[in-house]
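Okay, so here's the structure we're looking at.
Throughout, read-outs are computed from the coordinates displayed, never taken from laboratory work. Just so you know, these numbers come straight off a predicted model, no measurement behind them. So basically every Cβ, Gly included, is an ideal-geometry build from the backbone, and we count neighbours across all protein chains shown.
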Amino acid sequence: MNNVLNRFFTSIALFIVLYGAIINQHLLFMLFTLIGFFVMIEVYRLFKLIFKDDNKKVVLLFLILIIYLLICLPQLFFFITIDHNNKLIFIYLLLVCVMTDLGGYFFGKFFKGKKLTKISPKKTYSGLIGSYILSNIVFIYFYFKFNFSLSFLILTFLVCSISQIGDLFISYLKRKAKVKDTGTLLPGHGGILDRIDGIIFALPISVNLMILF
């Protein structure tokens, strides 16, 4: 029960911080900087646990991560701040990721069913379906409320899929490292990476896909 309450209040705090960041680019810059910093710490810890004494692999993979973050985070920052309309698109993409996560969690919890993969035993086919259902509810809302084009339906499917693949990839790393969470910074959630495991892949890729829509 305490864990559920911690998760709830932490989620509320995260939404408040995110809202402030979206309307204030200075706070957004600070938020992205902190996210990048903690993601590097958490991933480095995972790499050290997985590869133990093979420092060459740890350093190489860590450098790849740094390059990825140095490309993606500034790109996201400029995407949000360069055009006011992009803020709405960013919120849309973020909500698709969040609903993907919630759909997988609640549908999997309620309907249970066959396991999706050994990588993450809690993932089920019912959760997979739930992710697509809830993410498409976001599309339906934005379609009628903000006149989003039907092409965003394809984007929604892609973002939902990438988010789930990213989630599974981080779950794979945690399984290899034999840890439950990537960190302890967020009460009820674990580490930063536990909270944004799918988002950190889905948002940068979807922003680049926006040129097609």
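Just a few scattered comments:
- Each part gets one Cα centre, and for segment 149-196 versus segment 26-57 those centres are 15 Å apart.
- Computed magnitude of the charge dipole of the chain (debye, nearest 20; Cβ of K, R +1, Cβ of D, E -1): 920 debye
- Most positive-pole-ward Cα, 98, 207, 143, against dipole of the chain from beta carbon charges: 98
- Inter-site label distance for residue 60 and residue 117 at 7 Å from Cα along Cβ, in nm: 2.3 nm
- Dmax and Rg, reported as Rg then Dmax, of segment 63-135 (C-alpha, Å): 16.3, 45
- More than 23 angstrom apart: percent of Cα pairs within segment 1-107: 45 percent
- GNM top mover of 173, 95, 116 - the chain, alpha-carbon springs below 10 Å: 116
- Extension gain for the segment residue 177 to residue 45, taken as residue separation times 0.36 nm less the Cα-Cα distance, is 46.6 nm to one decimal.
- Taking every C-alpha pair closer than 8 Å and separated by at least 6 residues, the mean separation divided by the residue count of the chain gives a relative contact order of 24 percent.
- Mean Kyte hydropathy of 1.6 or more with a Cα span along the axis of at least 15 Å, helices from DSSP in the chain: 25-51, 55-82
- Fraction of the pair-distance distribution of segment 151-213 above 21 Å, Cα-Cα pairs, percent: 31 percent
- Size-normalised alpha-carbon gyration radius of segment 32-84, reference 2.2 N^0.38 Å: 1.38
- Residues 131, 11, 171 arranged by fewest to most Cβ contacts within 10 Å: 11, 171, 131
- Approximating the spin labels as points 7 Å out from Cα along Cα→Cβ, the residue 13-to-residue 68 distance works out to 2.7 nm.
- Residue with peak Gaussian network fluctuation, the chain [Cα springs, cutoff 10 Å], from 17, 96, 159: 17
- Sorting the Cα pairs of segment 25-175 by distance into bins of 5 Å, from 0 upward, gives 2, 9, 14, 16, 16, 17, 14, 8, 3, 1, 0 percent per bin.
- Residue exposure sequence - 210, 99 - by fewest surrounding Cβ within 10 Å: 210, 99
- Mean residue ellipticity at 222 nm, helices only, the chain: -27500 deg cm²/dmol; runs of at least 4 DSSP H residues each add -39,500 (n - 2.57), and the sum is divided by the number of residues.
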